[in-house]
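S.K.: One structure follows; several queries about it will come next.
The values are calculated or read from the model by the stated rules, or taken from the named source; none is laboratory data. Predicted model, so just to flag it, every value in this text is computed and none were measured. Glycine also receives a Cβ, built like all others from the backbone with ideal geometry; neighbour counts cover every protein chain displayed. The accessibility values were calculated without ligands, DNA or RNA, using every heavy atom of the protein model including side chains. Shrake-Rupley method; radii C 1.70, N 1.55, O 1.52, S 1.80 Å.
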Amino acid sequence: MSLDKIKDFLDNNGIEYIEKGKNVMAGNIGINCPFECDDPSHHLGINSKGWYSCWKDSSHSGKQFTNLIAALLNVSKYEAESLWAENEYISNTEEFYTITDKSVSENILDTKPIELPKDFRLIKKENGITQRFISYLKSRDIPDYQIYDKENPIFYSIKGIWINRFIFPILFNGLIFSWTSRSIYPDCELKYLDLSPDESARPVKHCIWKYDNLKKYNNQNILYITEGVFDCLKLNSYLPKGNQATCIFTKTLRDEQKGLLFDIAHNFKKIKIMLDADAIMEAERIRREISFFKNISIEYLPDGIKDPAELPAEYIRNFLH
Ligand SMILES: [Zn+2]
């Protein structure tokens, strides 16, 4: 929060303020009190933290700037929060774009991709070695067209630190920027293992999965944001046409990921956050952080289901649209 952002907000919403006056402390601004004060003398002061206090009635004071927005614009607290978040975001992205003078996708074009190690193998046909990998995917209800998807190929490894793991490359413009992996053993302590940020062209947790596809589709209905690759694979296998899923590889959303979402969000009417059942708080946090997107909500899992990958195909077909 800064006084400049507060002034931007007031300017954008046509609310008059003064920067000097007998009731205005240095470094603060004054507005008319919106809390039934009936005194048009700019006697409600706002400081750079967004704290506000009325000189006539101390009960018209507070430290939650969004409460003041709600009163000024006569909107709900919830709407006030999203308006403020939007204001913050616009100022931040403006800064971001002036510093770099490039959109996220142009930055991606400048990034040098990495290569997969030679011993990673593409899953293409069932044989003695691939059989257990393919049966694992089938046991999770992943259909053939996803297993052998050329645009989003799945690899496997039978050597080194990546042994007995699926390798999911993370692609931008068809080039590899990093990868995440998942053990085929359900009890493996490190179920998911990412390539380290140092070895990546872009750290896994700065990426969203299937960005290339999501950028290409337009006029879509819902984008589901999930945590893991299996959640994403499962939803994409059974979602009704016009709905897509991505995953963020974790329960929190980094600024770099927000930038990527910003690139693709206009292709979707709605965004639904669908994290694991144990991540309700994290989902709520993401919802607030990206409330500048229109029509964003949380999609809760039915009782007894711990993540979207566990949802029955029928449920995804019939209830997620
Ligand atoms: Zn007042």
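S.K.: Look at Gly304 and say whether it is open to solvent by 10 Å² or more (accessible area, probe 1.4 Å) and more than 24 Å from Asn107 (Cβ to Cβ).
M.R.: yes
S.K.: Just name the residue that is farthest from the ligand (Cβ to nearest atom) out of those in the range 5-25 that are open to solvent by 70 Å² or more (accessible area, probe 1.4 Å) and over 39 Å from the mean Cα position of the chain (by Cα).
M.R.: This residue is Lys20.
S.K.: Let me ask something else. Among what's in the range 28-38 and is over 16 Å from Leu10 (Cβ atoms) and more than 7 Å from the ligand (Cβ to nearest atom), pick the residue that is least open to solvent (accessible area, probe 1.4 Å).
M.R.: Checked the range 28-38; the qualifying residue least open to solvent (accessible area, probe 1.4 Å) is Asp38.
S.K.: Next up: Condition first: β-branched (Val, Ile, Thr) and open to solvent by 20 Å² or more (accessible area, probe 1.4 Å). Now tell me which residues in the range 163-186 satisfy that.
M.R.: If the condition is that a residue be β-branched (Val, Ile, Thr) and open to solvent by 20 Å² or more (accessible area, probe 1.4 Å), then Ile163, Ile176 are the ones that fit.
S.K.: Would you call Leu239 in contact with a helix residue (DSSP H, G or I) (Cβ under 8 Å, 6 or more places away or on another chain) and surrounded by 17 or more Cβ atoms within 10 Å (Cβ to Cβ)?
M.R.: yes
S.K.: Which of the residues belonging to the range 39-57 are open to solvent by 20 Å² or more (accessible area, probe 1.4 Å) and either more than 9 Å from the ligand (Cβ to nearest atom) or in a strand (DSSP E or B) (or both)?
M.R.: Answer for the range 39-57, where residues must be open to solvent by 20 Å² or more (accessible area, probe 1.4 Å) and either more than 9 Å from the ligand (Cβ to nearest atom) or in a strand (DSSP E or B) (or both): Pro40, Ser41, His42, Asn47, Ser48, Lys49, Trp51, Ser53.
S.K.: Something else now. Can you find a residue in the range 212-222 that is farther than 20 Å from Ile176 by Cβ and surrounded by 18 or more Cβ atoms within 10 Å (Cβ to Cβ)?
M.R.: Yes, some residue in the range 212-222 is farther than 20 Å from Ile176 by Cβ and surrounded by 18 or more Cβ atoms within 10 Å (Cβ to Cβ).
S.K.: Pairs, please: C-beta under 7 Å, at least 6 apart or cross-chain, first residue over 18 Å from Asn23 (Cβ atoms) and in the range 52-66, second at pLDDT 90 or above and open to solvent by 60 Å² or more (accessible area, probe 1.4 Å)?
M.R.: Lys63/Trp51
S.K.: Looking at Asp255, Asp231 in this structure, which one is among the acidic types (Asp, Glu) and open to solvent by 20 Å² or more (accessible area, probe 1.4 Å)?
M.R.: Of Asp255, Asp231, the one residue that is among the acidic types (Asp, Glu) and open to solvent by 20 Å² or more (accessible area, probe 1.4 Å) is Asp255.
S.K.: Which one of Ser76, Ser61 is more than 10 Å from the ligand (Cβ to nearest atom) and polar (S, T, N, Q)?
M.R.: Ser76
S.K.: Sticking with this structure for a sec: Restricting to helices (runs of 4 or more DSSP H) lying wholly in the range 201-297: which have 1 or more residues that are closer than 27 Å to Tyr78 by Cβ and either touching a residue at least 24 places away in the same chain (Cβ under 8 Å) or among the small types (Gly, Ala, Ser) (or both)?
M.R.: So the answer is 255-264, 280-289.
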